[in-house]
Amino acid sequence: MLIIQDVLIHDDVVQEKFLCQLDACQGACCWEGDWGAPLEAEEIPILVELLDRIRPYLTPEGRAVIEEKGPAVYYEEPGEYGTSLLDNGACSFLTYNALGIAQCGIEQAYNDGAVDFKKPISCHLYPIRIHTNPEVNFEALNYDRWDICSAACSNGAKAKLPLYRFAREALIRKYGEEFYEELDAAAQHLEK
């Protein structure tokens, strides 16, 4: 385990290799699972505010679910808010490209310059998950292993790309450049 700026980082985050291979998984992390993508408290009002600009990028089914349930739903079992889901379990913000690969409608709006919010940080960091304990102001980063990502693990091993480097942009977005530099230095020191 590493501790960088009071954030506990599981060894797997620095040791495991990972590189998404969307042509293999088809973006299954956007439609598999029991709950929507975890949302931080400050992300919910952002989604509500940007919804009119994101809506054109969504499927009719996604728009209908968001109209009925809103962009965020509270899930009892994990005890947190997440994106609303379609009846089949897919994220309400899920879209597909011409090849049938799942994409995020929020990210598509961002890429087109329609919004300045890329997507929920939990999606950007995935397969790294943030676990918090607000009572003691504790945060930990863990690797969320899932068989749907097996091709990404093989691809990462071939590329020799550690998970934390795969998630570099998201880690900097969440914690800042200094945090990432410290993490990178600590990971390189452990390699020696």
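The values are calculated or read from the model by the stated rules, or taken from the named source; none is laboratory data. Only a predicted model underlies this, so the values are computations on that prediction, with no experimental measurement involved. As a convention, Cβ positions derive from the backbone with ideal geometry for all residues, glycine included, and neighbour counts pool all protein chains shown.
What are the residue pairs meeting all of these: first residue in the range 165-178, first residue in the same structural domain as Val13 (by TED's automatic domain parsing), second residue assigned to a helix (DSSP H, G or I) and modelled with pLDDT under 95, Cβ atoms under 8 Å, and 6 or more apart or on different chains? That search, which allows pairs on different chains as well, returns Phe166/Gly156.
Kindly indicate whether Ile66 is in contact with a helix residue (DSSP H, G or I) (Cβ under 9 Å, 6 or more places away or on another chain) and in contact (Cβ under 8 Å) with a residue 40 or more places away in the chain. No: the conditions fail for Ile66. Is the range 59-71 home to any residue that is within 23 Å of Tyr175 (Cβ to Cβ) and either at pLDDT 95 or above or surrounded by fewer than 16 Cβ atoms within 10 Å (Cβ to Cβ) (or both)? There is no residue in the range 59-71 that is within 23 Å of Tyr175 (Cβ to Cβ) and either at pLDDT 95 or above or surrounded by fewer than 16 Cβ atoms within 10 Å (Cβ to Cβ) (or both).
Report whether or not Ile9 is in the same structural domain as Pro78 (by TED's automatic domain parsing), at pLDDT 95 or above, surrounded by 16 or more Cβ atoms within 10 Å (Cβ to Cβ) and hydrophobic (A, V, I, L, M, F, W, C). Considered against the rule, which asks whether it is in the same structural domain as Pro78 (by TED's automatic domain parsing), at pLDDT 95 or above, surrounded by 16 or more Cβ atoms within 10 Å (Cβ to Cβ) and hydrophobic (A, V, I, L, M, F, W, C), Ile9 comes out as no.
Going through the range 12-31 one residue at a time, which ones are among the hydrophobic types (A, V, I, L, M, F, W, C) and at pLDDT 90 or above?
So the first thing to find is which residues in the range 12-31 are among the hydrophobic types (A, V, I, L, M, F, W, C), and the list is 13-14, 18-20, 22, 24-25, 28-31.
Of everything in the range 12-31, those that are among the hydrophobic types (A, V, I, L, M, F, W, C) and at pLDDT 90 or above turn out to be Val13, Val14, Phe18, Leu19, Cys20.
Condition first: charged (D, E, K, R) and either within 13 Å of the chain's Cα centre (by Cα) or buried (at least 19 other Cβ atoms within 10 Å of the Cβ) (or both). Now tell me which residues in the range 17-46 satisfy that.
The initial filter retains those residues of the range 17-46 that are charged (D, E, K, R), namely 17, 23, 32, 34, 40, 42-43.
Scanning the range 17-46 gives Glu40, Glu43.
Within the range 1-21, the set of residues being within 30 Å of Leu99 (Cα to Cα) and in contact with a strand residue (DSSP E or B) (Cβ under 8 Å, 6 or more places away or on another chain) comprises Glu16, Lys17, Phe18.
Which of the residues belonging to the range 173-192 are surrounded by 12 or more Cβ atoms within 10 Å (Cβ to Cβ), charged (D, E, K, R) and closer than 19 Å to Tyr126 by Cα?
First pass over the range 173-192, keeping only residues surrounded by 12 or more Cβ atoms within 10 Å (Cβ to Cβ): 173-176, 179-184, 186-187.
With charged (D, E, K, R) added as a condition, the list becomes 173-174, 181-182, 184.
Matches in the range 173-192: Arg173, Lys174, Asp184.
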